[in-house]
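The values are calculated or read from the model by the stated rules, or taken from the named source; none is laboratory data. Remember, it's a predicted structure, so these values are computed and weren't measured experimentally. With ideal geometry, Cβ positions are generated from the backbone for all residues, glycine too; neighbour counts draw on all protein chains shown. With ligands, DNA and RNA removed, areas are computed over all heavy atoms of the protein, side chains included. Shrake-Rupley method; radii C 1.70, N 1.55, O 1.52, S 1.80 Å.
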Amino acid sequence: MSSDSRVVIVGAGHGAGQAAASLRQEGFEGAIDVYGDEPHPPYQRPPLSKAYLSGEQGVEKVYLRPAAFYDSKDIGMHTGVRVESIDPAARTITSSEGSATWDHLILATGTRPRLLPIPGADLAGVHYLRTIADVDGIRAELSGDTRLVIVGGGYIGLEVAAVALTVGANVTVLEMEDRILQRVTTPQMSAFYHQLHSGRGVDIRVNTAASRFEGTGTVSGVVCGNETLAADMVVVGIGVLPNVELAEAAGISCDNGIVVDERCLTNVPNVYAIGDCCNHPNPILGRRLRLESVPNAMEQARVCAANIAGKDKTYASVPWFWSDQYELKLQMLGFSADGEDSVLRGDMAANEFAVFHMSDGKVVAVDAVNCPREFMAAKQMYGKAVDPAKLADPSVEMKELL
């Protein structure tokens, strides 16, 4: 790869930071420029709703790598700079800094929170959680006597609930579906987490939608049907939308994300997309999907960097995720919806168990709570036939099942 070649990375999240580092690891000697509209180098988003919100981690701990790393690797970091347009024919981008050329372009534009379009949504005290600045705003208002209403019973909402309850806040979670975590897990796991949170003091209300936020300047209540819940603060967590507008305007194919092939290439030559913003084929699952997942973004960044450096690498990974709530670590592999049957190993009442999801006698997913050994074994078991009786028996070592 010529040393006068230039890679421009749009976005400064997990995938962008890893792509820049991986390019250097792959021996790429040309210029690398990373553009992010936040005033921070690439940072980790998962800790924002967990250790950063609780104050256990400072901002420096959230950064993917120290800022000095990028200087040492001659990586140009353009923080606080918004890319406004892409011209694939001229191979340029236009940003708030001006115009810049590229030989290879990586789109790592991520996602943004889905907004709740109801009256009062613009009141002070109504928050979304996506950035460091978002969490700084929440932390500034959260205290032991805060009446917090969380709209959305997904992982973000429940992680915020756990932290807020720990500092003594009064927490209510509103979920419009008939169970929390309905889009992402089984009724069994939804029931487990419902009981976990309600047992700690969180008021969880399912089949309940917020229709209006009330207040004069600052939110003071959330209207749900005929009831108004008092609220000093609201956190809305109802999902995200992929940031595809730049790509669409440039004629890059998009469909629930920026469409890429197995090498992370878009339909435009030398333009790649990685991470939460891209719709990619997964040969292991046998379908296309868009994943909101740090491991996915990291692996796609490595694939992309290798291909830019002249290698031929394709993406093929089993998706995995995690969530920290209270002292429980949930680790998930694959998608439970792909399973037809499930096998429980361990004790749900003791908050230490793994649910293996099976299809045609093969492991296709696992939900492991405080069971890292089972989770790691499941990575090796994925797609393989396992005896359900032995899998359910804790006296049988996981290594025997492998």
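Does segment 117-160 hold any residues that are assigned to a loop (DSSP other than H, G, I, E, B), hydroxyl-bearing (Ser, Thr, Tyr) and at pLDDT 95 or above, and which are they? Walk me through it before giving the result.
First, the residues of segment 117-160 that are assigned to a loop (DSSP other than H, G, I, E, B): 117-123, 125, 129-131, 142-146, 152-154.
Then drop every residue that is not hydroxyl-bearing (Ser, Thr, Tyr), which leaves 131, 143, 146.
Result: 131, 146.
For segment 91-102, enumerate the residues that are touching a residue at least 40 places away in the same chain (Cβ under 8 Å), surrounded by 15 or more Cβ atoms within 10 Å (Cβ to Cβ) and assigned to a strand (DSSP E or B).
Within segment 91-102, 93, 95, 100 meet the criteria.
For residue 206, work out the one condition from (1) touching an Asp or Glu at 6+ places or on another chain (Cβ under 6 Å); (2) touching a residue at least 12 places away in the same chain (Cβ under 8 Å); (3) surrounded by 17 or more Cβ atoms within 10 Å (Cβ to Cβ) it doesn't fulfil.
Of (1) touching an Asp or Glu at 6+ places or on another chain (Cβ under 6 Å); (2) touching a residue at least 12 places away in the same chain (Cβ under 8 Å); (3) surrounded by 17 or more Cβ atoms within 10 Å (Cβ to Cβ), only one is false for residue 206: (3).
Residues 22, 49: which one is over 27 Å from residue 312 (Cβ atoms) and either touching a helix residue (DSSP H, G or I) at 6+ places or on another chain (Cβ under 7 Å) or touching a residue at least 24 places away in the same chain (Cβ under 8 Å) (or both)?
Among 22, 49, only 49 is over 27 Å from residue 312 (Cβ atoms) and either touching a helix residue (DSSP H, G or I) at 6+ places or on another chain (Cβ under 7 Å) or touching a residue at least 24 places away in the same chain (Cβ under 8 Å) (or both).
Just for segment 343-402: of the residues that are polar (S, T, N, Q) and farther than 21 Å from residue 192 by Cα, which one is farthest from the chain's Cα centre (by Cα)?
Among those residues, the one meeting the criterion is 395.
If I ask for residues that are in a helix (DSSP H, G or I) and open to solvent by less than 10 Å² (accessible area, probe 1.4 Å), which ones from segment 274-296 would you list?
275, 277, 296 - these are the residues of segment 274-296 that are in a helix (DSSP H, G or I) and open to solvent by less than 10 Å² (accessible area, probe 1.4 Å).
Evaluate segment 223-233: report whether one residue or more is at pLDDT below 95 and open to solvent by 50 Å² or more (accessible area, probe 1.4 Å).
For segment 223-233, residues at pLDDT below 95 and open to solvent by 50 Å² or more (accessible area, probe 1.4 Å): present.
Provide a single number: the residues in segment 12-40 that are open to solvent by less than 10 Å² (accessible area, probe 1.4 Å) and part of a loop (DSSP other than H, G, I, E, B).
Final tally of qualifying residues: 2.
Quickly run through segment 340-351 and pick out the residues that are surrounded by 13 or more Cβ atoms within 10 Å (Cβ to Cβ) and either closer than 15 Å to residue 393 by Cβ or touching a Phe, Trp or Tyr at 6+ places or on another chain (Cβ under 8 Å) (or both).
Result: 342, 343, 344, 345, 346, 348.
If you go through segment 302-338 one residue at a time, how many are free of Cβ contacts under 8 Å to residues at least 60 places away in the same chain, crowded, with 20+ Cβ neighbours inside 10 Å and of a type in the set (Gly, Ala, Ser)?
Here the count works out to 1.
If residue 299 passes every condition in (1) open to solvent by 50 Å² or more (accessible area, probe 1.4 Å); (2) among the acidic types (Asp, Glu); (3) within 18 Å of the chain's Cα centre (by Cα) but one, which one does it miss?
(1)
Can you tell me which of (1) open to solvent by less than 30 Å² (accessible area, probe 1.4 Å); (2) closer than 23 Å to residue 245 by Cα; (3) touching a residue at least 12 places away in the same chain (Cβ under 8 Å) is the one residue 88 doesn't meet?
(1)
Would you check if residue 163 is part of a loop (DSSP other than H, G, I, E, B) and under 30 Å from residue 199 (Cβ atoms)? Walk me through how you get there before you give the answer.
Numbers: part of a loop (DSSP other than H, G, I, E, B): no; under 30 Å from residue 199 (Cβ atoms): yes.
Spelling it out, it is not the case that residue 163 is part of a loop (DSSP other than H, G, I, E, B) and under 30 Å from residue 199 (Cβ atoms).
Can you name the condition, by its number, that residue 209 falls short on among (1) closer than 30 Å to residue 357 by Cα; (2) outside any strand (DSSP E or B)?
(1)
What are the residue pairs meeting all of these: first residue in segment 183-197, first residue in contact (Cβ under 8 Å) with a residue 24 or more places away in the chain, second residue among the acidic types (Asp, Glu) and open to solvent by less than 60 Å² (accessible area, probe 1.4 Å), Cβ atoms under 6 Å, and 6 or more apart or on different chains?
189/367
Report yes if residue 10 is closer than 23 Å to residue 91 by Cβ, of a type outside the set (D, E, K, R), touching a strand residue (DSSP E or B) at 6+ places or on another chain (Cβ under 8 Å) and without any contact (Cβ under 8 Å) to a residue 60 or more places away in the chain, otherwise no. Steps first, please.
Values: closer than 23 Å to residue 91 by Cβ: yes; of a type outside the set (D, E, K, R): yes; touching a strand residue (DSSP E or B) at 6+ places or on another chain (Cβ under 8 Å): yes; without any contact (Cβ under 8 Å) to a residue 60 or more places away in the chain: no.
It is false that residue 10 is closer than 23 Å to residue 91 by Cβ, of a type outside the set (D, E, K, R), touching a strand residue (DSSP E or B) at 6+ places or on another chain (Cβ under 8 Å) and without any contact (Cβ under 8 Å) to a residue 60 or more places away in the chain.
Output the residues belonging to segment 354-390 that are touching a residue at least 40 places away in the same chain (Cβ under 8 Å), assigned to a helix (DSSP H, G or I) and crowded, with 23+ Cβ neighbours inside 10 Å.
The one that is touching a residue at least 40 places away in the same chain (Cβ under 8 Å), assigned to a helix (DSSP H, G or I) and crowded, with 23+ Cβ neighbours inside 10 Å: 378.
If residue 7 passes every condition in (1) open to solvent by less than 10 Å² (accessible area, probe 1.4 Å); (2) within 20 Å of residue 66 (Cα to Cα) but one, which one does it miss?
Failed condition: (2).
Would a scan of segment 210-220 turn up a residue that is of a type outside the set (Ser, Thr, Tyr), surrounded by 18 or more Cβ atoms within 10 Å (Cβ to Cβ) and in contact with a helix residue (DSSP H, G or I) (Cβ under 7 Å, 6 or more places away or on another chain)?
Within segment 210-220, not a single residue is of a type outside the set (Ser, Thr, Tyr), surrounded by 18 or more Cβ atoms within 10 Å (Cβ to Cβ) and in contact with a helix residue (DSSP H, G or I) (Cβ under 7 Å, 6 or more places away or on another chain).
Determine, yes or no, whether residue 171 is more than 13 Å from residue 237 (Cα to Cα) and in contact with a strand residue (DSSP E or B) (Cβ under 6 Å, 6 or more places away or on another chain).
yes
If a residue has to be touching a residue at least 60 places away in the same chain (Cβ under 8 Å), over 12 Å from the mean Cα position of the chain (by Cα) and closer than 22 Å to residue 130 by Cβ to count, how many in segment 258-296 make the cut?
Adding up the residues that qualify gives 4.
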